[in-house]
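To start, the structure under review is shown below, and the notes come after it.
We did not get these values from a lab; they are worked out from the coordinates using the rules stated. In this text, all values refer to a predicted model and were calculated from it rather than measured experimentally. Here the Cβ is made from the backbone with ideal geometry for all residues, glycine too, and neighbour counts use every protein chain on show.
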Amino acid sequence: MERFATVEEELGQLLRPAGGGLYVVSTGLAEQQLLQQQLYGAANPGEIDAAWRGALARLRSAKVVILGIPSDVGAGFRRGANGGPGALRRAWLASRPDLLSRGDVVDVGDVFCVPQLLADDMLSASQRDATAAALYPTVAEPLRSRLPVAPLTIAERVLDLIFSIAPDVRPLILGGDHSVAWPVTTALHRHRHGDPFGIVQPDAHTDLLAERLGIKICFATWSFHASVLLGGEGRLTQVGIRATRFPKEHWEKTTGVKQFWAQDVRDNPERSMREILEHVRKVAPGGVYLSNDIDGTDAAFADACGTPEGEGVSPDFFVEMIEELSKNPGLIAGDLVEVAPALSAHPERTLATAVRYLDATLDGLLREFPKRP
């Protein structure tokens with residue numbers, strides 16, 4: 001069977017340099033190139049490509065990998081989260097200029113997102129082949145026909161490849177809408193071979209539909225399927241819920257998740273923090289994937305998103321929660337999703353909050369994993 005000579009070679013086909021996951025021709029091109037020049041300290045596309053491939057070559061020794069998935073096809077009411085990874089990198093680099101020069105953190109770049117696609121299982125064979133020909137023109141058949149073409153499917157393959165050569169690495173995903181959490185969950189589940197990890201999901205919304213308009217995986221359904229995949233029993237913990245048709249008892253009884261609603265956190269943050277940590281440490285001794293939807297945070301601090309919601313949780317609470325989870329049981333992966341800078345007149349407020357979350361999450365992912373009792 002034909003295959004790529006190395007994992008890095010295949011990643012070089014599936015990914016693009018950081019900031020390059022959005023398809024731009026004229027509008028937006030200069031902004032994209034400027035970001036890449038800043039990220040890589042490079043003057044032209046050739047130098048950018050060389051620096052990015054150099055980063056891929058360091059992947060095997062990394063502790064944390066950063067991956068951008070600028071897809072908002074799995075979103076709902078308002079689109080714009082495809083601008084999240086670029087804006088997050090720009091804001092984060094401004095506050096942490098040494099981010100990509102350290103040897104234990106590798107930014108592997110972006111999943112290239114065809115803006116009309118979500119997952120390969122939604123495509124006809126002819127569309128899949130046509131898109132593969134456009135994405136991978138230098139790859140010969142039959143190898144090209146085996147490469148994924150839609151963002152969620154590409155992301156899942158990328159994470160599988162990364163884990164195959166760096167088993168202990170911890171991914172940090174820059175979204176994108178919340179559907180991008182699904183390939184992270186499935187890749188982690190395969191990689192960890194049944195080790196009981198959990199997901200902690202700051203979010204205003206439950207995302208617990210079994211399907212939406214006939215679509216199995218999107219922003220509104222991924223949590224339902226993640227809970228099923230993890231076996232229920234509260235291994236998916238949601239914090240900040242407040243915009244939903246049904247009460248907490250309905251969701252916990254019918255889906256097996258554990259919820260901490262925003263009003264309870266606001267009324268008694270100390271008790272809520274204690275109960276969250278006690279629950280997660282009990283059900284997820286194998287560690288936590290923090291899947292952080294920015295709309296879990298009160299809209300006063302994070303309105304640059306598709307569905308900002310008031311009366312939410314404060315950034316201080318979530319930062320403390322991330323820090324405590326990283327101590328015990330430990331973070332095995334993280335993301336920050338649904339940041340949509342174009343949807344706010346003042347996106348700098350949301351980006352400042354986002355940088356706080358990225359700093360806390362990265363520091364947690366770099367922390368030595370706690371020993372089990």
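Amide hydrogen proximity for Phe260: with H placed 1.01 Å from N in the peptide plane, the residues at 5 or more positions away or on another chain lying under 5 Å are Gln238, Val239, Gly240, Ile241. Using the rule -39500 (n - 2.57) for each DSSP H run of four or more residues, divided by the residues of the chain, the 222 nm mean residue ellipticity is -12500 deg cm²/dmol. Given the pairs Lys248/Lys327; Lys63/Lys216; Lys216/Lys327; Lys63/Lys253, which are separated by over 31 angstrom at their Cα positions? In this structure, Lys63/Lys216; Lys216/Lys327; Lys63/Lys253 exceed 31 Å between Cα atoms. A convex hull fitted around the alpha carbon atoms of segment 64-135 yields 120 Å³ per residue.
FRET efficiency for the pair Glu9 and Asp363, taken as 1/(1 + (r/R0)^6) with r the Cβ-Cβ distance and R0 = 35 Å, rounds to 0.60.
Legend: Rg and Dmax of segment 147-277, from Cα coordinates, 15.5, 50 Å. The slack in the chain from Leu29 to Ile165, taken as 0.36 nm per residue of separation less the alpha-carbon distance, amounts to 45.6 nm. Each Lys and Arg adds +1 at its Cβ and each Asp and Glu adds -1 at its Cβ; summed about the Cα centre, the chain shows a dipole of about 580 debye. The protection proxy used here, the mean number of other Cβ atoms lying within 10 Å of each residue, ranks peptides 287-297, 119-129, 304-314 as follows, highest first: 287-297, 304-314, 119-129. With coordinates expressed along the principal axes, the C-alpha atoms belonging to the chain extend over 57, 43, 41 Å, beginning with the largest. Take each peptide in 329-340, 183-194, count the other Cβ atoms within 10 Å of every residue, and average; sorted highest first, the result is 329-340, 183-194. Ordering 81-89, 24-32, 343-351, 245-253 by mean Cβ neighbour count within 10 Å, with the highest value first, yields 81-89, 343-351, 245-253, 24-32. The HN-Hα couplings worked out from phi for segment 256-266 by the Karplus form 6.51 cos²θ - 1.76 cosθ + 1.60 (θ = phi - 60°) are x, 8, 10, 10, 10, 6, 4, 5, 5, 5, 5 Hz, whole numbers, x standing for Gly and Pro.
Extension gain, Glu2-Gln263: 0.36 nm per intervening residue step, less the Cα-Cα distance, totals 88.4 nm.
So what's segment 22-81 giving for Rg/Rh, alpha carbon basis, Kirkwood Rh from the mean inverse pair distance? Ratio of gyration radius to Kirkwood radius for segment 22-81: 1.05.
A simple rule links phi to the HN-Hα coupling: the Karplus curve 6.51 cos²θ - 1.76 cosθ + 1.60 with θ = phi - 60°, which for segment 278-295 gives 4, 5, 5, 5, 6, 8, 10, x, x, x, 10, 9, 8, 10, 9, 7, 4, 7 Hz, with x for Gly and Pro. Amide H to amide H, with H built 1.01 Å from N, Cys305 comes under 5 Å of Ala340, counting only residues 5 or more places away or on other chains. Translational diffusion of segment 215-373, estimated by Stokes-Einstein from the Kirkwood radius over alpha carbon pairs at 25 °C in a medium of 0.890 mPa s, is 152 µm² per second. Projected label points at Gln127 and Asp104, each 7 Å from Cα along the beta carbon direction, are separated by 4.4 nanometres.
Here segment 1-152 has an Rg and Dmax of 15.9, 47 Å, counting Cα atoms alone.
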